[in-house]
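Worksheet for the structure shown next.
Rule-based calculations on the coordinates, nothing more; no lab input. Quick caveat: nothing in here was measured; it's all calculated off a predicted structure. FYI the Cβ positions are ideal-geometry reconstructions off the backbone, even for glycines, and counts take in every protein chain you see.
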Amino acid sequence: MKVSFVISVLALALAASTPARADFAVVHFGDGHCQVWRDSTANPWGDDWKKLAVGLPDWLAATAALDSARSQNLCP
């Protein structure tokens, strides 16, 4: 019983020490503006939006994707 408790505590400690993965997305809203969205799995409220790019690894890649969308006239 003590062994299973120790294993459970170690498993919990390992899960808690694993860094959270935050990926980014570029979201185009119905009014025309675009924005970098910090968590690509979370969605904005409402239904008047679409994601132009998903799963970007960091802020730099997300802003590059936003700049690319602007250069293609997808975002004002």
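Tabulated data
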{"item": "Rounded to the nearest 20 debye, dipole of the stretch 21-76 from Cβ charges on Lys, Arg, Asp, Glu", "result": "100 debye"}
{"item": "At most 15 other Cβ within 10 Å, DSSP loop - trypsin sites (Lys or Arg not before Pro), the stretch 34-76", "result": "Arg38"}
{"item": "Relative contact order (%) - the stretch 21-76, alpha-carbon pairs under 8 angstrom, separation at least six", "result": "42 percent"}
